[in-house]
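The values are calculated or read from the model by the stated rules, or taken from the named source; none is laboratory data. Quick caveat: nothing in here was measured; it's all calculated off a predicted structure. Counting neighbours? That spans all protein chains shown, and the Cβs are built from the backbone with ideal geometry, glycine included.
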DNA sequence: CTGAAAGCGCTTACAG
DNA sequence: CTGAAAGCGCTTACAG
């Protein structure tokens, strides 16, 4: 029967070492021989001993913990962010603490307080909600000198944030379609009044005006104001509105892949061909976009790059040690994914 | 300028109370008046003070922390489990610590060690991988007297687990289709050899034999052995295999909603009607299943019930305080969702 | 309720 | 490297 080891003191006694040597071996500090480090590590392995994070966090300056919070796990994009962030942080020796802020009302403050009570070294807010709520969270953290970085906040931030450049992506999509000869665009679910639609609309307008074209004349906004579910069903309804148009666009740019797939489905059922009758571009690079037929051209969020930028920003803020440090906003370029759903316009 | 408060000692000094009173007020213990509790709480609010979880975890017996781990965030079902678990645990005064085990190789052991170092009071393994890996995790936890519960382990467990009764669900689906007059079934992607398929197949067989029917004669298994992606594209390919059959089934039961939607899409393009030509049942109750046309009949995992059962099981194990306690496996009944994709068979 | 003390398991600074 | 000590911020048991 093996004896069990529950503290570094017991481990030191077992190995005939001082607690000092054990502590420094565990933490990779200098002053102990490589041989001693090996002995300590193999004993930890053998007895399944892991030092108490609480004692360490209480006495030491570093806890190694990083609080990560996000609103909901409702999209594959969010879950991908989380997976990348976990990988990147644990490679840098940090331990992520994940929490959801919107499973219950008022949960956000509770989560931030938990992070504070855990003495996290930094907080990463993913998809932070707009307005006063997240401002309050940032205030709470600042009060405790805990730096925070924002990954894709829902309202525009002026510092310490990483944001996806949707405008640039849509400008590039539009340029590509112009190159293929398209001059009449259908904007499925993309409207200026809508926070999700605004940067997309602006990007399209920018690309058009670079060619001397006016978005008001070249593009039809096809949407249903007040519609809430931005999924396939919405896409089908927009397909229905599109088909009633006298002068049909030749290139369709959809708010996202689900809307694109819904519209494609509906129009195909009516006998339309993709990309012969319509070129179509989605957004999000969901698995769905590969599975449509033809496979959908779309825009990939480049989540890996955003997650990396956010983690590096947070680590830098932690290293600066200045709670009022302001790092410039990082803009991430989305990647255009070209597949089968676009073609040269018929002349 | 407000002074800041960083410890219960400072808080006690500020309020003219003893540290004893403050501690008991914060933890809701008896011996302090309601008035004192109120004073303490409002001062905590005012100064944004949250006691150190590390000091608390080090000295006190309880940390209130629960480790939750899961393999990946790859399905909406998993993310739903997490949201429910967070809500249920925080309502019971526990703090969940979430970690992913499959973002890097060997991450599982690292995650369990982190839980141990955090002195969690219990661990919930969600979608635990089959085989030796999770057995090892359980061994590590047991060594530290940390109870663990399994929510839908990928290999059958004999105790301390909550499992979805897929067999029962498919038996009920089959009964319903039999009631509608169907006697010839197409099993899309459901094969006996496959861990995901086995319980489904058994359930279908059970319902058939209850009516004196033999699954070998009444059902065609339509699948592509070795196919990896169980998504819409696979469904479309299975639709292709189905249409080549001499004697076509009238009722289709798909492995999941994506396979069902893919098959529906493919067959509709060929001019088949749902549910006139084929009745169709999916599984998972994804958002997608509402968005097909006709809307898909499907099976809902009843995640809320599974999450509740798992949380209650874990809480009971913690309260028992016996690291070798074995609670019986809880089976959760999935819910059948009837929509538009099934009909009485043509006579 | 107060007050004074012990102790949780570490890290850290210090003298050797 | 050793050894002895202090201290992180709490909870807890004890005497009043």
### Query
Of B:333, B:340, which residue is within 23 Å of the chain's Cα centre (by Cα) and either more than 29 Å from residue B:156 (Cα to Cα) or away from every other protein chain (no Cβ under 14 Å) (or both)?
B:333
#### Entry: Residue in segment A:12-47 that is farthest from residue B:144 (Cα to Cα), counting only those that are within 14 Å of chain B (Cβ to nearest Cβ) and near DNA strand C (Cβ under 9 Å from one of its atoms)
A:27
### Task
Search segment A:47-61 for residues being in a helix (DSSP H, G or I) and within 14 Å of residue A:22 (Cβ to Cβ), and hand back the single one that is farthest from DNA strand D (Cβ to nearest atom).
A:47
### Summary
For residue B:113, the lone unmet condition from (1) surrounded by fewer than 23 Cβ atoms within 10 Å (Cβ to Cβ); (2) closer than 18 Å to residue B:302 by Cα is (2)
### Test: residue A:77 is more than 8 Å from chain B (Cβ to nearest Cβ) and closer than 30 Å to residue B:74 by Cβ
yes
### Task
Scan segment B:281-292 and give yes if some residue there is within 13 Å of another protein chain (Cβ to nearest Cβ), in contact with a strand residue (DSSP E or B) (Cβ under 9 Å, 6 or more places away or on another chain) and at pLDDT 95 or above, otherwise no.
no
### Query
Only one of B:99, B:121 is in contact with a strand residue (DSSP E or B) (Cβ under 7 Å, 6 or more places away or on another chain) and within 16 Å of DNA strand C (Cβ to nearest atom); which?
B:121
### Message
Go through (1) within 19 Å of the chain's Cα centre (by Cα); (2) at pLDDT 95 or above for residue A:95 and report which single condition fails.
### Response
(2)
### Message
Within segment B:48-63, take every residue that is in contact (Cβ under 8 Å) with a residue 24 or more places away in the chain and more than 8 Å from chain A (Cβ to nearest Cβ) and give me the one that is surrounded by the fewest Cβ atoms within 10 Å (Cβ to Cβ).
### Response
B:62
### Query
Is it the case that residue B:66 is crowded, with 18+ Cβ neighbours inside 10 Å and in contact with a strand residue (DSSP E or B) (Cβ under 6 Å, 6 or more places away or on another chain)?
yes
### Message
Given the criterion in contact (Cβ under 8 Å) with a residue 24 or more places away in the chain, within 23 Å of residue B:142 (Cβ to Cβ), in contact with a helix residue (DSSP H, G or I) (Cβ under 8 Å, 6 or more places away or on another chain) and more than 16 Å from DNA strand D (Cβ to nearest atom), identify the matching residue among B:97, B:88, B:73.
### Response
B:97
### Task
Please list, ordered by first then second residue, the pairs with beta carbon atoms under 7 Å, 6 or more apart or interchain, first in segment B:137-152 and within 12 Å of chain A (Cβ to nearest Cβ), second part of a loop (DSSP other than H, G, I, E, B).
B:140/A:48; B:142/B:323; B:143/A:48; B:145/B:323; B:146/B:120
### Message
Checking the conditions here, which among A:249, A:195, A:225, A:199 is surrounded by 15 or more Cβ atoms within 10 Å (Cβ to Cβ) and in a loop (DSSP other than H, G, I, E, B)?
### Response
A:249
### Task
Looking at (1) at pLDDT below 95; (2) within 14 Å of chain B (Cβ to nearest Cβ); (3) assigned to a helix (DSSP H, G or I), find the lone condition where residue A:133 falls short.
(2)
#### Entry: Every residue from segment B:1-24 that is outside any helix (DSSP H, G or I) and near DNA strand D (Cβ under 7 Å from one of its atoms)
B:6, B:7
### Query
Tell me, which strands (runs of 3 or more DSSP E) wholly within segment B:257-347 include 3 or more residues that are buried (at least 19 other Cβ atoms within 10 Å of the Cβ)?
B:279-281
### Query
Of the residues in segment A:80-103, how many are within 9 Å of another protein chain (Cβ to nearest Cβ) and not in a helix (DSSP H, G or I)?
8
